[in-house]
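Reviewing the structure listed below.
The values are calculated or read from the model by the stated rules, or taken from the named source; none is laboratory data. Since this is a predicted model, take the numbers as computed values, not measurements. Virtual Cβ from ideal backbone geometry, glycine too; neighbours counted across all protein chains shown.
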């Protein structure tokens, strides 16, 4: 016998989960109706079915799939919840692996925005469950989860909306303020991916205005609209070879749009180690007493200057002459200005 | 166990019947709540008697809201809702207990988006650390059902946190040093002074902020707490010298995810930079806020910094590649002039 009044939805869904986890055999529609008479049997047949379908969809969103099984000969037809797929399996994470997930999770949750942040918090809770009772474990996890920012700002909601658009492959329209000219333009973009680099979230996608792959800093998006038509049907298919990693790994001087050119950069012995750090995208052409000579592929010369000039006399652009001249002019002009009385 | 079980209310009051209308919730609130409850029940079952404050912290909830949620759980059970078919939650002396049938002994598995978000965050951590990150991400993947892997992998190619090249090995060594409280000799590139310095340090913690690892350590040369950007450490070697637990940090550590900031300084000493060009002005406003930037025209402004180290300021000004000039303090302006002269000499050969 079921309850006599309809249940609050969260309650009904939890009750459904309990019913299915304890079921010994598939449950027919009649069984389910019998268990929830006020919910699934009080209205019209169609309304009841719709209600159940919506409940099933909500459960699926949180990773719980009810499937209908056609029984073999003498078995019963009906819905089942696959218990082996329901429960969190043993994760057997080593302490150092837990530490990495802990560090990654705390940084991501404490930051201003992160894709699928709510999901991330749930993932960490599940990891905390699986991690068991290491010394101080519970307290540490609690501290980390407490660092989660309760209210996200504009950036957080932009990142959240874009993440969903990327996953569902829905086109977005942006009003975007570019830093270079400071102009606001309207762009239709097929969002391919999101990457966090140099302290900012970057959207990569096909820009219909420019007819090519472009990058947009999410904090420079003034207005965002996700195509709401047919939310379950993708608007585009990203190129199969698209990997956000290649954008994540690209240094700023490879973000220009023209054809790239080759730059030779000399680093003093003190700075030679930067060949494996900041300038790891380059090829080492020479290494010796004088330091390192690197070959770098560059499409935005100014961006390279912004990385090289702060290093002072320990870093020198050797070629091409055009960029070397530009560096010399910038330095000469700055020196002149610093000689004047401020 | 059955004997110890306190008597259950014969018929838990129904929320709707008690006259309080259930709050209307949107679909995402509903899912959020479902996930919360499906985790909470097994967690409490595994940690019987967990203090309500600890549980609230884990749930990022206020204790009062948590207690309401626990009340709600009393109504959950398995049809036909005989007393023994319901979840029995008790709060006694500020501690939480739950009795339940085996169905809720573990939380549900990770969803695609849960695994995705955590994997994307973890992959941004570091490389070359002996494969720890790769193994951790592998374990997450292994926890997903086979049928969801294609979708998970497809999505993982779309979300990333960029790594700084070359940080991994240093970070791994520093983690060991922190765990074993061993001194480390650093060769550190001081960007501001433009020189390599050797420093023995006692490492405290690694913090990850804005795409970089930072080491916070007690510097034995300076006899004070210092922060080091890990990708600026040319080499680090682990010494055999162990140290006693360090006293608390002199200044409160930055919030999680915040880069370390130098102490604020009095108004008169703050460095001021003249900016030229619209993009430099807009960049400064974006990074430091409009209050720090005094516009004269759309493409001319003065930026007042809230106290980065002097030497750092010169490097920072140079990173504008000509669009920033140091106005004050005068000593810093002179230092910048010397550095510009030396650097220019390289280009006049």
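Summary table below
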{"item": "Complete set of residues in the stretch A:168-189 that are in contact with a helix residue (DSSP H, G or I) (Cβ under 9 Å, 6 or more places away or on another chain), at pLDDT 95 or above and surrounded by fewer than 20 Cβ atoms within 10 Å (Cβ to Cβ)", "result": "A:171"}
{"item": "Subset of the stretch B:168-196 [over 23 Å from the mean Cα position of the chain (by Cα) and at the interface with chain A (Cβ under 10 Å from one of its Cβ atoms)]", "result": "B:187, B:189, B:191, B:192, B:193, B:194, B:195, B:196"}
{"item": "Strands (runs of 3 or more DSSP E) within the stretch A:267-342 that include 1 or more residues touching a helix residue (DSSP H, G or I) at 6+ places or on another chain (Cβ under 8 Å) and at the interface with chain B (Cβ under 9 Å from one of its Cβ atoms)", "result": "A:315-319"}
{"item": "Top-ranked residue in the stretch B:70-89 [being more than 10 Å from every other protein chain (Cβ to nearest Cβ) and surrounded by 17 or more Cβ atoms within 10 Å (Cβ to Cβ); ranked as modelled with the lowest pLDDT]", "result": "B:88"}
{"item": "Residue match in the stretch A:251-260 (condition: buried (at least 17 other Cβ atoms within 10 Å of the Cβ) and out of contact with any strand residue (DSSP E or B) (no Cβ under 7 Å at 6 or more places or on another chain))", "result": "yes"}
{"item": "Residues that are more than 21 Å from residue A:249 (Cβ to Cβ) and surrounded by fewer than 15 Cβ atoms within 10 Å (Cβ to Cβ), drawn from the stretch A:209-226", "result": "A:209, A:210, A:211, A:222, A:223, A:225"}
{"item": "Spans of helices (runs of 4 or more DSSP H) in the stretch A:1-117 with at least 2 residues facing another protein chain (nearest Cβ under 7 Å) and under 30 Å from residue A:165 (Cα atoms)", "result": "A:9-22, A:45-61, A:83-86, A:95-110"}
{"item": "Within the stretch B:95-211, strands (runs of 3 or more DSSP E) holding 3 or more residues that are crowded, with 20+ Cβ neighbours inside 10 Å", "result": "B:159-161, B:182-190, B:195-209"}
{"item": "Number of the exception - residue A:54 against (1) surrounded by fewer than 22 Cβ atoms within 10 Å (Cβ to Cβ); (2) in contact with a helix residue (DSSP H, G or I) (Cβ under 8 Å, 6 or more places away or on another chain); (3) at pLDDT 90 or above", "result": "(2)"}
{"item": "Top-ranked residue in the stretch A:195-220 [being within 12 Å of chain B (Cβ to nearest Cβ) and under 18 Å from residue A:235 (Cα atoms); ranked as nearest to the chain's Cα centre (by Cα)]", "result": "A:203"}
{"item": "The stretch B:317-344 - residue that is in a helix (DSSP H, G or I) and more than 7 Å from chain A (Cβ to nearest Cβ) and, of those, farthest from residue A:315 (Cα to Cα)", "result": "B:330"}
{"item": "Condition check for residue A:292: crowded, with 17+ Cβ neighbours inside 10 Å, farther than 21 Å from residue B:162 by Cβ and in contact (Cβ under 8 Å) with a residue 60 or more places away in the chain", "result": "no"}
{"item": "Scope the stretch B:282-318; condition within 17 Å of residue A:179 (Cβ to Cβ) and surrounded by fewer than 16 Cβ atoms within 10 Å (Cβ to Cβ); matching residues", "result": "B:287, B:288, B:289, B:290, B:295, B:298, B:300"}
